[in-house]
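Data block below; observations after.
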Amino acid sequence: MDIAKRRMFELHAEICKTLSNPKRLEILDHLREGEKSVEELTQLMGMSKSNLSQHLSILRQKRLVKTRRDGLNIIYSIGNPKILNACDILKEVLLGNLTQNQDLLSILQDEDDE
């Protein structure tokens, strides 16, 4: 395998690792609705400002979110809208898996009832 392809897999894995935290996924979901200040996100998520800032810093390092300054406030927004498409596709896969599991559970329960 060539070096460039291997490096791409490494970068891909880093993004996936960043997205493996439910709080970071929730942040992205809130930002889907439009840009938000740290204060707005703190209220929406019900978490401390310091904890939120840690998650935002990680998302920013991976360029999944971007910032702009508005006076004393830092405003966050989605860095690249395609990340939302990726999250939506993964959610569809998850929902498909849950549906299949539910169907299998129903079949097994029906067999137990017989």
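Laboratory data are not the source of any read-out in this text; all were calculated from the coordinates shown. The structure presented is a predicted model; accordingly, all values stated were derived computationally and were not measured. Don't worry about glycine lacking a Cβ; one is built from the backbone with ideal geometry, like all the others, and counts go over all protein chains shown.
Within the set (1) 151; (2) 97; (3) 87, the number that volume of the Cα convex hull per residue in Å³ takes when calculated for this structure is listed as (1). The HN-Hα couplings worked out from phi for region 36-46 by the Karplus form 6.51 cos²θ - 1.76 cosθ + 1.60 (θ = phi - 60°) are 9, 7, 4, 4, 4, 5, 4, 5, 4, 9, x Hz, whole numbers, x standing for Gly and Pro.
Return one number: the angle in degrees, 0 to 90 and rounded to the nearest 10, between the long axis of the Cα atoms of helix 82-113 and the longest principal axis of the Cα atoms of the chain. Its long axis makes an angle of about 20 degrees.
Once the chain from Cys87 to Ile107 is taken as fully extended at 0.36 nm per residue, the excess over their C-alpha distance is 4.2 nm. Put a dot 7 Å past the Cα of Ile74, heading toward its Cβ, do the same for Glu39, and the two dots end up 1.6 nm apart.
Pairs Lys5/Lys36; Lys62/Lys91; Lys5/Lys62; Lys23/Lys91: which are spaced more than 25 Å apart, C-alpha to C-alpha? Don't skip to the answer; put the middle values down first.
On the way: Lys5/Lys36 36 Å; Lys62/Lys91 21 Å; Lys5/Lys62 19 Å; Lys23/Lys91 15 Å.
Too far apart for the 25 Å limit: Lys5/Lys36.
Across Thr99, Thr67, Thr42, mean-square fluctuation computed from a Gaussian network of the chain (C-alpha pairs under 10 Å connected) peaks at Thr99. Using the Karplus relation 6.51 cos²θ - 1.76 cosθ + 1.60 with θ = phi - 60°, the per-residue 3J(HN,Hα) values for region 23-31 come to 5, 5, 5, 5, 4, 4, 5, 5, 6 Hz, with x marking Gly and Pro. Applying both filters, DSSP loop and at most 15 other Cβ atoms within 10 Å, to the trypsin sites (Lys or Arg not before Pro) of region 1-69 gives Arg63.
Residue-wise HN-Hα couplings along region 51-67, as the Karplus relation 6.51 cos²θ - 1.76 cosθ + 1.60 with θ = phi - 60° gives them from phi, are 5, 4, 4, 4, 5, 5, 4, 5, 4, 5, 4, 8, 6, 7, 10, 10, 10 Hz; Gly and Pro carry x.
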